[in-house]
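S.K.: Right, I'll just put the structure down here and ask away after.
The values are calculated or read from the model by the stated rules, or taken from the named source; none is laboratory data. Please read all numbers here as calculations on a predicted model, not as lab measurements. Note that we place each Cβ from the backbone using ideal geometry, even for glycine, and neighbour counts take in every protein chain shown.
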Amino acid sequence: MHELNDTILVQKIRDGNQKAFREIYDRYHVQMYYVAKRYVKRPCIAEDAVQDIFVKLWTKRDQLDETKSIKGFLFTMLRNHVMNMLRDRKDEIVSVSEVNEKWLPRQNLTEDDVLYKEYHEILKQGINELSDRKRQVFELRTLSGHSNAEVAKILKINIRTVKTHYYNSSKFMRAYLKNRAGIMGVLFVMSSLIISFL
C-alpha cells in the first residue's frame, strides 16, 4: 500500500478496504495531531479529535470523491471539529498566548460558507504574493496533494529545492493568514492548505 497514491487509496477505502484506510491514517494522523495540538491545552484532547475524524472518514467512506484531495477532506473535517470545540469548550481548547476573545468566532456556524469564501480570497491574495517558483511548489504540494518527490519531477528541480521552497512558502502563508484573518484564518490554513507543522 505504501507505493499507492492517495487517489487509488481513496478508491479502495470506498470499497471498504481496511488496509488502504490504515495507510491513509499512517500518512496523516501525526500531522493532524500536531495541527490540533496547537489549539488545545491537553494532548489527549488533540488525540481524541484526530481519532474522531478518522472514525468519520470510515463511516462516510461512501461519500469520498477520489478526484478531490483526501488531505483536504480530512483537514476540513478537523477544522469543523476544532471550530465546534472552540465554540463549546473554550476553557480547554484555546491557547491564551495566541488567541484573545476578539478573535473567537462570533458567527453562527450556519455562516460557514460565507467565512470560507472570505478566507479563500485572503488565501488567493497570499499565494499571489509568492514568487513564481514558490507558488508552483506550494500549490502542487498543498492544493494538488503531490509529494516532494512528485513536485521535483514535475518541475524538474532538486527535491531539496522543493523542500526549501515549501518550507518558506508555508511559513509565509501561516503569517499572512494569521495577520489578516486571526485565529479563523489559521484554522482555514489547517483545512485548506494543509501546511505541515512538523
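S.K.: Could you list, in sequence order, all residues of the stretch 49-87 that are among the polar types (S, T, N, Q), crowded, with 17+ Cβ neighbours inside 10 Å and either in a helix (DSSP H, G or I) or outside the structural domain of Leu4 (by TED's automatic domain parsing) (or both)? Lay out the reasoning, then the answer.
M.R.: Residues of the stretch 49-87 that are among the polar types (S, T, N, Q), as a first pass: 51, 59, 63, 67, 69, 76, 80, 84.
Next, only the ones that are crowded, with 17+ Cβ neighbours inside 10 Å stay: 69, 76.
Thr76, the sole residue that qualifies.
S.K.: Now a separate question. Exactly one of (1) within 18 Å of the chain's Cα centre (by Cα); (2) surrounded by fewer than 20 Cβ atoms within 10 Å (Cβ to Cβ); (3) closer than 20 Å to His146 by Cα is unmet by Ile8. Its number?
M.R.: If we test Ile8 against (1) within 18 Å of the chain's Cα centre (by Cα); (2) surrounded by fewer than 20 Cβ atoms within 10 Å (Cβ to Cβ); (3) closer than 20 Å to His146 by Cα, just (1) comes out false.
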